[in-house]
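Structure, as structure tokens:
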Amino acid sequence: MTGFGPTSLPHRYDVMNDLPNKPAAIKPAAVEAAQAATTLAESGKQVERSTRQVSADTNSQVQLAADRTLLAAERTYAAWVRTALAALASGIGARALLQDYVPLWLAKATASVLVVFAGFCVVAAVWRHLWQPVPPPVTDVRPVPRMVLLPMNAFLLLVAVAALVGIWVG
């Protein structure tokens, strides 16, 4: 079976041995063709090596991009939780500090808004981290386990509810 590629091209040795049987005009063309075939075969091998290197570089870049994507998602989750904790502390502080300066109902309402916002942030953090529209890429980095994430956020939500009850009852 004949094909195209370095293995189907005539070797320079074969062409050179066959030259005495050819007319004088064909000899330089045959030598030139043999040199071109050798150069083409070497060029094909270089392209193959270069392709392997580019493929390896691309795979490492894709892996690093997947790692960055996962870490960015976890930073976003941490930002939601940080915002929730700040709003929760602000709500409790607002109730304690504002009760002497504004009507009590206004201090309670302000504190309630902040605590409800804290609860929203906890729910949004879990929702955004666990239910992503695009499946997460396969990475070398281990994500935060769900078995840690869910109970911790459930506890934070429970604290927010307790703070809300404490604002209105206490």
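With respect to VAL102, determine if the residue is assigned to a loop (DSSP other than H, G, I, E, B), out of contact with any Cys (no Cβ under 9 Å at 6 or more places or on another chain), over 30 Å from LEU64 (Cβ atoms) and open to solvent by less than 80 Å² (accessible area, probe 1.4 Å). In short, yes. Show the residue pairs meeting these rules: Cβ distance below 8 Å; 6+ apart or different chains; first residue within region 61-81 and under 14 Å from VAL138 (Cα atoms) and in contact (Cβ under 8 Å) with a residue 40 or more places away in the chain; second residue open to solvent by less than 80 Å² (accessible area, probe 1.4 Å) and among the hydroxyl-bearing types (Ser, Thr, Tyr). Hits for this filter: GLN63/THR139; ALA66/THR139; ASP67/THR139; THR69/THR139; LEU70/THR139.
Restricting to region 110-165, what's the tally of residues that are among the aromatic types (Phe, Trp, Tyr), part of a helix (DSSP H, G or I) and farther than 16 Å from LEU85 by Cβ? Matching residues across region 110-165 total 1.
Residue pairs whose Cβ atoms lie under 9 Å apart, sitting 6 or more positions apart in sequence or on different chains, and linking a residue in region 120-141 that is farther than 23 Å from ALA163 by Cβ and among the acidic types (Asp, Glu) to a partner that is open to solvent by less than 80 Å² (accessible area, probe 1.4 Å) and outside any loop (DSSP other than H, G, I, E, B), are ASP140/GLN63; ASP140/ALA66; ASP140/ASP67. For region 58-71: of the residues being within 8 Å of the chain's Cα centre (by Cα) and not β-branched (Val, Ile, Thr), which is nearest to TRP131 (Cα to Cα)? Once the filter is applied, the top-ranked residue is LEU70. Taking the criterion of being closer than 20 Å to ALA89 by Cα, open to solvent by 60 Å² or more (accessible area, probe 1.4 Å) and either touching a helix residue (DSSP H, G or I) at 6+ places or on another chain (Cβ under 8 Å) or hydroxyl-bearing (Ser, Thr, Tyr) (or both), the residues of region 129-170 that qualify are LEU157, VAL161, TRP168.
The values are calculated or read from the model by the stated rules, or taken from the named source; none is laboratory data. Fair warning: this is a prediction, and the values are worked out from it, not measured in the lab. In this analysis, Cβ positions are derived from the backbone assuming ideal geometry, glycine residues included, and neighbour counts consider all displayed protein chains. We work out accessible area using only protein heavy atoms, side chains counted, and drop any ligands, DNA or RNA first. Shrake-Rupley method; radii C 1.70, N 1.55, O 1.52, S 1.80 Å.
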